[in-house]
Every structure is written in structure tokens, then in C-alpha cells.
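The values are calculated or read from the model by the stated rules, or taken from the named source; none is laboratory data. Quick caveat, the model's predicted, so the values are computed rather than measured. Cβ placement follows ideal geometry from the backbone for every residue including glycine, while neighbour counts extend to all protein chains displayed. For accessibility, only protein heavy atoms count, side chains too; no ligands or nucleic acids. Shrake-Rupley method; radii C 1.70, N 1.55, O 1.52, S 1.80 Å.
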Amino acid sequence: MSISTEARPLPLPSDQDASGRTLGDEEIRRLTEAIRSGTLTSTKGAFAKKLEARWAEMNGSQFAYACSHGTAAIHCAVAACDPEPGDEIVTSPITDMGALTPILYQGAIPVFCDVDPATCNVTPATVERVLSDRTKAVIVTHLFGNPCDTSAIVELCRSRNIAVIEDCAQAFLARHRGQAVGTTGDIGAFSLQQGKHITTGEGGLVVTDNAEYARRMFLFINKAWGYGDPQPDHYFLALNYRMTELQAAVAFAQLDKLEDVVDRRIELAENLTAALSGTPGISTPLVQPCDVHTYWKYCLRVDADVIPGGTVALGAALKQRGIFSAPRYIQKPAFECEIFRNQRTFGSSRWPFTLARPEAVDYRREAFAGTYEGLDTILVLPWNERYTDEHVQYIAESIGACVSELKGELV
Ligand SMILES: Cc1ncc(COP(=O)(O)O)c(C=O)c1O
């Protein structure tokens, strides 16, 4: 069956409402249980603890903690490393701001490294280029669900005593060389925000095998109050980043659905990849043979030498057919945002940027060729486990038709 892509846009399920979410009776049942218990704080309730135990088991990790947001999860991971003010944390300029601001709140300096334009992920070579004797940690974002080469990055960092934090907000159940992302480095951080593989509206999770990091993360979530200690105190500066029992009840039910969500996203993505193969000017996601990409989004690369107007023109043409893609993903590299350009932090102090080595905050364009090329060429398609084969066929045919149109071919 061929679908006319111009005559009738086919509505696609969206992760912003029930059409593209797996929230159902199981979540309602668990939520009701939590409410009827009358205990909505995770310091006393059962759900956050059950969620943490199950998430640790699913990852094969020794420790897992629930927290309020993905941003909080990254903050816990950074705080676990306990940087001195002015220490450096290497990170990607193509990520969510929630992966970056915790570094500054913890008094450390985000040092951006370039990415591979083919995946927009950081690589061992780009990380190595910016390491210094002040580097305390490296945060890798597995962008769109496609794993970074963490094994080589970990190797690079081990001998220098640098921690590796994996930002898995977009990469639930992705695997690098057979191992779950989040467990290939020292700490894994996840987000349960509305648009992620599974959701509680807002929420976060962290995993680690390191008892010291685990202890610090548990405390950091809890205002550093030593729950369960013989003589508890507030041991260090920390916030209340707790998940509520309401969120934990929903997350606990969502976990049971995660494997099916991921399997279906992969199956659908592989179908689109097959359908698009041979489309001139379009490159489908580059996944290493030893890795499993779990498709938070489906990211195309568009060659503007072949398709006039490139990613922006293709995005606009797809919009006419009801497909709302994101050319560039983010409009500019993170270091071009005012927070970094103007060092807007605490009052007018510019702290902690005042402690930075000049090279660490030098955002010269030449050092980020891969980043600019990557952003100029990517087109990010929303992806969802509720797509049917007909939806994928519609997307593939729309892309084909738009490419032909832009090339001035008869369609
Ligand atoms: C890669 C990445 N890191 C961190 C975050 C922050 O997570 P949250 O929005 O749950 O605070 C997100 C989510 O948007 C993300 O995509």
C-alpha cells in the first residue's frame, strides 16, 4: 500500500501526551497504592526503595538512587566526585543544559571538547585533547541513545584518576560492547522527564558500583543528612533532591514496560534505516557494530550539497506533511549560550569562571569543527514506540518525496 504523503498528513503519536506514552492501568494502580499508604515522602515510603532495587538489578549495578530530575542526577554525580573549586569537568557542547549547570553549581569549570560530526558524540581523541592536571571528571552524553566509546574513554581516564560520568538521560538500556550504558564508567545518570523512554513527568536515577560515590550521592539527595547513622548530622553542603513516592510509584510501573519500549523503538528505527538506504544526500544513524542504540530520537544527517537548503529546508518540507523534526537539535553549541559567553552565574561575581585557566574557557570556533559541522547537518526526528509500520512508511515516503521536491525532481 502506498500512502499519499501530501494529501493527508498522518498524525504521529507524541511523547507529550497519551498518544505516545505507555502510562496506563499499572501506573494508576501503583499510584493509588502510594496514595492510600498515606506516605508520600521517599524517606519513609516503600516505592522509591523498590524502584532503586529494581533499577540496580536491571543494570547489574550495586547501587541505584532515585532523585527529582535528570539535572539532579547529574548534580549528584558531579557532587559525588567532590571537585575542588576550579577543578575541570570535561563535557560535550551538544547536550542538554541540565547536564552542564550542575558543574557550575558545584564550583567546577565545564571544559568543552569537540564531537564526531557523524554522531555528535564526544570521542576518546576529542576528550584527550582537553584533559589537564585539573580534570576531575569527564561527562559523556550518549546522544539520542547512541553510545559513546566509553571503554576507550574510561581507559584514558583510569590512569589519570579521572572519573567518568555517563549521561544516559537519552539512552535507557543502550549497550556499549555488550554492557549497559551507565555501568561502563563510574556513575550513570538518567532522566524520567516527560519526553524520555519512560517517564514520571520529572524524575531522575543514578547508578554506580562505587560505594564511596554511592554514599555521597545518597547524602547529596538528602541534604547530606546521615539517615540511619548512629549520630546523624548534615555532613556537607547539599540540597533536597528527593523523588516523591508519587513519582516513584509511577516509575516502578514504567520500569516493567521499558524493555518492550526499547525493543519496539529499535525495530521501528531499523525499518526506517532500511527504507531510507540509498536516498541521495541522507545518512542514517551511525551505530558501532558492538553497540546498541535505543533511539530516544532518530537523527539523520543531511548533505546540503545534494539536497538544496539542507537540514533546514528538509525540516520545513517535512513540517508541511505533519512531521515536526528539529534541524540542528540545539540552535548553537552550549558554550555560545549567555551563561558561558557572559559568565552569568552568582550575582556579578562570574564565579567559578574566575578560577578557570584561560584555555579552559576558550571557545574558539577552530577547536570545535566537528560540533559546528554536526549541528549544521543533523535533522532530529521524534521517535516513539507507539509508531506503527504505517507511520514509519509514512515518514520514509515523506522524506523521499521532500528530498525529490527540494532537488527539483518531479514527484
Ligand atoms: C542529555 C540530557 N542530560 C540531562 C538532562 C536533564 O534532565 P531533566 O530534564 O530531567 O532535568 C536531559 C533532559 O532533558 C538530557 O537530555
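Structure data summary
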| read-out | value |
| --- | --- |
| Some residue of the range 41-56 being at pLDDT 95 or above, open to solvent by 50 Å² or more (accessible area, probe 1.4 Å), out of contact with any Leu (no Cβ under 8 Å at 6 or more places or on another chain) and on the phi > 0 side of the Ramachandran plot | no |
| Qualifying position, being surrounded by fewer than 21 Cβ atoms within 10 Å (Cβ to Cβ), touching a helix residue (DSSP H, G or I) at 6+ places or on another chain (Cβ under 6 Å) and among the hydrophobic types (A, V, I, L, M, F, W, C), among Ala369, Ala396, Ala401 | Ala396 |
| Residue ID - farthest from the ligand (Cβ to nearest atom), chosen from residues in the range 136-176 that are farther than 27 Å from Tyr298 by Cβ and out of contact with any helix residue (DSSP H, G or I) (no Cβ under 9 Å at 6 or more places or on another chain) | Ser159 |
| Residues of the range 88-125 satisfying the condition of being more than 15 Å from the ligand (Cβ to nearest atom), open to solvent by 10 Å² or more (accessible area, probe 1.4 Å) and in contact (Cβ under 8 Å) with a residue 60 or more places away in the chain | Asp114, Asp116, Pro117, Ala118 |
| From Ala214, Ala248, residue being under 15 Å from Ala79 (Cβ atoms), among the aliphatic types (A, V, I, L, M) and open to solvent by less than 60 Å² (accessible area, probe 1.4 Å) | Ala214 |
| Any chance Gly278 is at pLDDT below 95 and farther than 23 Å from Gly20 by Cα | yes |
| The range 62-81, residues that are more than 10 Å from the ligand (Cβ to nearest atom) and either closer than 16 Å to Ala108 by Cα or aromatic (Phe, Trp, Tyr) (or both) | Phe63, Tyr65, Cys76, Ala77, Val78, Ala79, Ala80, Cys81 |
| Every pair of residues 6+ apart whose Cβ atoms lie under 9 Å, when the first sits in the range 359-375 and is under 19 Å from Asp303 (Cα atoms) while the second is of a type in the set (Gly, Ala, Ser) and open to solvent by less than 20 Å² (accessible area, probe 1.4 Å) | Thr371/Ser92 |
| Filter result (open to solvent by 10 Å² or more (accessible area, probe 1.4 Å), more than 11 Å from the ligand (Cβ to nearest atom) and either in contact with a Lys or Arg (Cβ under 6 Å, 6 or more places away or on another chain) or not small (Gly, Ala, Ser) (or both)) within the range 177-205 | Arg177, Gln179, Thr183, Thr184, Asp186 |
